[in-house]
1. How many residues are crowded, with 21+ Cβ neighbours inside 10 Å, in contact with a helix residue (DSSP H, G or I) (Cβ under 6 Å, 6 or more places away or on another chain) and part of a helix (DSSP H, G or I) when one looks only at the stretch 60-98?
2. So how many residues does the stretch 174-193 have that are in a helix (DSSP H, G or I) and either surrounded by 18 or more Cβ atoms within 10 Å (Cβ to Cβ) or within 15 Å of the chain's Cα centre (by Cα) (or both)?
3. Hey, could you check the stretch 201-235 for residues that are surrounded by 13 or more Cβ atoms within 10 Å (Cβ to Cβ), over 17 Å from the mean Cα position of the chain (by Cα) and not in a loop (DSSP other than H, G, I, E, B) and say which is modelled with the highest pLDDT?
4. Taking only the stretch 111-136 into account, find how many residues are farther than 21 Å from residue 74 by Cβ and in a strand (DSSP E or B).
5. Considering each residue of the stretch 16-44, count those that are at positive phi and in contact with a strand residue (DSSP E or B) (Cβ under 9 Å, 6 or more places away or on another chain), and give that number.
6. Going through the stretch 23-37 one residue at a time, which ones are closer than 19 Å to residue 96 by Cβ and surrounded by 22 or more Cβ atoms within 10 Å (Cβ to Cβ)?
């Protein structure tokens, strides 16, 4: 896929999945604008801060005059009901839901023809582990925000989301139960997500909007019962 001279914005793009997405856009010829809290050769700032978002958006528009692709990837805080404070839960919402909404709003008048937004949700938008409420709620929120934006921006911007399952950002190769518990027989890596992001932004996906695509090796579709196929519940 060729993205020569396209403008791609990636939040949380300094490490992990976000870094992989940014690198793949660069390889395909795009100009990439990254915002991340981590120090580096990018816009450094906390996207939970409204003024930071406004400064970042202003810098992108002043430099390029338009946005072709917005990838809302930044990672919300994960804490559960026993330990998560009101302020921490609000912070997770700010990073995971409010910032993607506000960046979409700030760039609304500057999206180029054929523009696309891709939101990174999680398979936790449909399933949970104990003590993950802040992260899970944020990921559920961005999945719902996706179809709302797709309708509001219809005809101007396509909006989709991706729900990754277990993605090992260090590209560790797992064996045994960690791998075989997933129908595809392996743990995912950032390229599994980056490939879909670039596809959804490409002209191969012009009939896709408002969708949430789960990339989890089939894990969320596998029914598990105690004692079935060797599975055991230990509590």
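The values are calculated or read from the model by the stated rules, or taken from the named source; none is laboratory data. These numbers were taken from a predicted model, which means no experiment stands behind them. FYI the Cβ positions are ideal-geometry reconstructions off the backbone, even for glycines, and counts take in every protein chain you see.
1. Residues that pass the stated criteria total 3.
2. 4
3. 205
4. Matching residues across the stretch 111-136 total 3.
5. Matching residues across the stretch 16-44 total 2.
6. Once the filter is applied, which keeps residues that are closer than 19 Å to residue 96 by Cβ and surrounded by 22 or more Cβ atoms within 10 Å (Cβ to Cβ), the stretch 23-37 yields 34, 35, 36.
Yes or no, residue by residue, for (1) touching a helix residue (DSSP H, G or I) at 6+ places or on another chain (Cβ under 8 Å); (2) touching a residue at least 24 places away in the same chain (Cβ under 8 Å):
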site: 134; (1), (2): yes, yes
site: 141; (1), (2): yes, yes
site: 151; (1), (2): no, yes
site: 157; (1), (2): yes, yes
site: 163; (1), (2): yes, yes
site: 167; (1), (2): yes, yes
site: 179; (1), (2): no, no
site: 182; (1), (2): yes, yes
